[in-house]
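Down below is the structure, laid out as structure tokens.
The values are calculated or read from the model by the stated rules, or taken from the named source; none is laboratory data. Remember, it's a predicted structure, so these values are computed and weren't measured experimentally. Please note: Cβ atoms are built from the backbone with ideal geometry, for glycine as well, and neighbour counts cover all protein chains shown.
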Amino acid sequence: MKIQETKLKGCFLIEPTVFHDERGYFFESFNQLVFEKAVGHKVDFVQDNQSFSKKGVIRALHFQKGDYAQAKLVRAVQGIVLDVAVDLRPNSETFGQHIAAELSAENKKQLYIPRGFAHGFATLSETSEFAYKCDNFYHKEAEGGIIYNDPTLKIDWKIASEDVIIAEKDRTLPLFKNFFSIK
């Protein structure tokens, strides 16, 4: 397993070692000992989520605030997604910066997004199934978000604006410049 920190401190791209033979393939998608050694701290995942989306869907940019902040380990189990993490940690050198990684069933890459980040993804293939582990339980009262097409963040979602499919609740999220703290 290859685990590499991205330009955003604490955010890691993970490539599993895949073993192929005449039956198909096998890989270890998660090993707590290897994972914690790579990220440098203990992580206890308590909730797994999975979503299905069609091409053009953008699910973004969401986070949980305060005591309900969540770290996530995400991957595409079917299809191709562009996964995006935005650093919302006010004291971070990379505050307001983002990374984007293509995760797919074919490349089997995963992204670890620590607490203090907004997260979203766009489906680039006809459909996608997206799975993620969270280290804290979801609380509706603690949810927050930033509009996906924020002009300050300048995220290229790799989807033409006329082809974007987005939930009504995500159309009215605030701009990044209105963001002060997720504490």
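From (1) more than 15 Å from the chain's Cα centre (by Cα); (2) modelled with pLDDT of 95 or more, pick out the condition that doesn't hold for A131.
(1) is the only condition that A131 fails.
Under the condition of being loosely packed, with under 13 Cβ neighbours inside 10 Å and among the basic types (K, R), which residue from region 41-60 is farthest from A105 (Cα to Cα)?
Among those residues, the one meeting the criterion is K42.
Might you let me know whether region 18-38 holds any residue that is assigned to a helix (DSSP H, G or I), in contact with a strand residue (DSSP E or B) (Cβ under 6 Å, 6 or more places away or on another chain) and not hydroxyl-bearing (S, T, Y)?
The answer is yes; a qualifying residue exists.
Given the criteria part of a strand (DSSP E or B), out of contact with any Phe, Trp or Tyr (no Cβ under 7 Å at 6 or more places or on another chain) and at pLDDT 95 or above, does R59 qualify?
no
Identify, please: which residue in region 134-180 is surrounded by 10 or more Cβ atoms within 10 Å (Cβ to Cβ) and of a type in the set (S, T, N, Q) and is, among those, modelled with the lowest pLDDT?
N178
Can A38 be described as surrounded by 12 or more Cβ atoms within 10 Å (Cβ to Cβ), small (G, A, S) and under 24 Å from T123 (Cα atoms)?
Against the criterion (surrounded by 12 or more Cβ atoms within 10 Å (Cβ to Cβ), small (G, A, S) and under 24 Å from T123 (Cα atoms)), A38 does not qualify.
Can you name every residue in region 149-170 that is in contact with a Phe, Trp or Tyr (Cβ under 9 Å, 6 or more places away or on another chain) and in contact (Cβ under 8 Å) with a residue 24 or more places away in the chain?
Result: D150, P151, T152, L153, I155, W157, V164, I166, D170.
Could you figure out which of (1) closer than 27 Å to K37 by Cβ; (2) in contact with a Phe, Trp or Tyr (Cβ under 9 Å, 6 or more places away or on another chain) isn't true of Q97?
(2) is the only condition that Q97 fails.
Give all pairs with beta carbons closer than 7 Å in which a residue from region 28-56 that is without any contact (Cβ under 8 Å) to a residue 24 or more places away in the chain meets a residue that is surrounded by 12 or more Cβ atoms within 10 Å (Cβ to Cβ) and in a loop (DSSP other than H, G, I, E, B); count only pairs at least 6 apart in sequence or on separate chains.
E36/V43
Test G96 against the stated conditions and say whether it is in contact with a helix residue (DSSP H, G or I) (Cβ under 6 Å, 6 or more places away or on another chain) and surrounded by fewer than 21 Cβ atoms within 10 Å (Cβ to Cβ).
No; evaluated as a whole, the condition is false for this residue.
Determine if region 73-87 includes at least one residue that is at pLDDT below 95 and either surrounded by fewer than 16 Cβ atoms within 10 Å (Cβ to Cβ) or small (G, A, S) (or both).
No: zero hits.
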